[in-house]
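What follows is one structure encoded as structure tokens, with my remarks underneath.
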Amino acid sequence: MFSWLGKQGGGRERGGAGSDVVQTVTGGLRDLYLRKLLPLEEHYRFHDFHSPALEEADFENKPMVLLVGQYSTGKTTFIRYLLEQDFPGMRIGPEPTTDSFIAVMYGDSEGNVPGNALVVDPKKPFRKLSRFGNAFLNRFMCSQLPNEVLKSISIIDSPGILSGEKQRISRGYDFCQVLQWFAERVDRIILLFDAHKLDISDEFSEAIKSFRGQDDKIRVVLNKADQVDTQQLMRVYGALMWSLGKVINTPEVLRVYIGSFWAHPLRNTENRRLFEAEAQDLFRDIQSLPQKAAVRKLNDLIKRARLAKV
């Protein structure tokens with residue numbers, strides 16, 4: 001159903017004039033960074049105070065989409081809906097199941113790469129994650145599979161966010177710091193909410209606040225919206241916007257996509273046309289990422305240069 005995402009987005013990126021333009025811009029950015037910005041960062045010890053140096057993989061990697069949400073809001077199911085197939089390491093259930101960060105990427109054959117091996121691979125943009133320690137690397141993996149969609153983008157699945165101080169302590173690593181690291185490098189951040197689970201826990205609130213400065217990348221998805229009728233959906237949408245308004249301090253209204261992102265028939269068909277239109281808008285936004293990848297990298301490099309000058 002959604003294989004056009006990989007075929008159209010990846011086709012432009014891999015072949016023809018569009019591919020040449022992206023490669024030329026990416027190569028130019030890399031050279032500009034190595035010649036101009038890197039010496040400045042090294043002189044003023046920017047890598048010690050703010051962010052490690054950029055590497056080849058940071059310029060060459062495919063656009064990435066980060067999924068964040070509380071447990072059982074449908075993050076892993078959303079990825080399966082996009083790919084139209086299971087991926088290695090996938091676990092779906094009503095209880096908290098995904099306990100690791102999983103990078104779903106293109107590969108010639110299906111398989112998993114554990115975190116400790118992943119951060120020493122120079123072809124992957126994850127080498128700098130080694131600073132978060134073994135507790136994190138034991139909860140990080142790359143899932144590779146041959147899939148049309150993954151020729152254009154990579155997807156990062158995050159652990160379900162729970163409430164309570166105990167959950168933050170038991171992780172063994174700084175969850176919000178890891179999310180912030182990913183947020184600075186991905187092209188889209190998708191926050192998933194369940195129509196029956198609109199409360200924003202303390203840890204989720206801190207996670208959203210760690211995305212500060214990346215507001216242009218954030219999209220919100222109200223999932224499982226087919227489980228309520230039209231009247232209830234209006235109240236749920238209003239409650240979600242009220243909850244978000246207390247956490248995200250921006251004058252603009254966040255774009256919220258409403259739908260049911262899984263392969264099963266809708267439970268309530270009153271709003272079928274709305275759900276289909278919202279799904280098309282969301283997938284069109286994701287589909288545009290490969291074409292905008294070069295501009296995003298330029299934008300991030302300019303942000304980095306301003307920080308280094310300051």
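The values are calculated or read from the model by the stated rules, or taken from the named source; none is laboratory data. Everything numeric in this text was worked out from a predicted model, so none of it was measured. Glycine also receives a Cβ, built like all others from the backbone with ideal geometry; neighbour counts cover every protein chain displayed. For accessibility, only protein heavy atoms count, side chains too; no ligands or nucleic acids. Shrake-Rupley method; radii C 1.70, N 1.55, O 1.52, S 1.80 Å.
Table for the structure above
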| quantity | calculated |
| --- | --- |
| Solvent-accessible area per residue, Å², over the stretch 215-310 with all protein chains present [probe radius 1.4 Å] | 56 Å² |
| Integer Hz, Karplus 6.51/-1.76/1.60 couplings in order for the stretch 120-132, x for Gly and Pro | 9, 8, x, 7, 10, x, 10, 4, 6, 6, 4, 5, 7 |
| Most fluctuating residue given options R185, R255, R80, as computed from a GNM of the chain linking Cα atoms under 10 Å | R255 |
| Cβ-based charge dipole, the stretch 61-300, positive-most Cα from Q70, I155, V221 | I155 |
| Cross-link pairs K124/K292; K123/K297; K124/K224; K36/K123; K128/K151 - those with Cα-Cα distance over 28 Å | K124/K224 |
| Whole-percent carbon and sulfur share, accessible surface of the stretch 61-300, 1.4 Å | 49 percent |
| Calculated FRET efficiency for the pair S109/D216, C-beta based, R₀ 25 Å, to 0.05 | 0.10 |
| Expected 222 nm ellipticity per residue - DSSP helices of 4 or more, -39500 (n - 2.57), all of the chain, to 500 | -13500 deg cm²/dmol |
| Magnitude of the charge dipole, the stretch 192-243, Cβ model with Lys/Arg +1 and Asp/Glu -1, debye to 20 | 140 debye |
| Hits among lysines - C-alpha to C-alpha of K246 under 16 Å, sequence gap 8 or more where chains match | K209 |
| Solvent accessible area, Å² - L266, 1.4 Å probe, full protein context | 40 Å² |
| Helix axis angle, 289-309 relative to the chain longest principal axis, alpha carbon, degrees | 60 degrees |
| Rg and Dmax of the chain, Cα atoms only, in Å | 19.4, 62 |
| The chain - share of DSSP beta bridges that are antiparallel (%, nearest 5) | 25 percent |
| Karplus-derived 3J(HN,Hα), 6.51/-1.76/1.60, for each residue of the stretch 192-204, Hz, glycine and proline x | 9, 10, 9, 4, 9, 9, 9, 5, 9, 5, 4, 5, 5 |
| Residues with amide H under 5 Å from that of S154, placed H, sequence gap 5 or more | M64, V65 |
| Estimated dipole of the chain in Debye, rounded to 20 [Cβ of Lys and Arg +1, of Asp and Glu -1, Cα centre] | 580 debye |
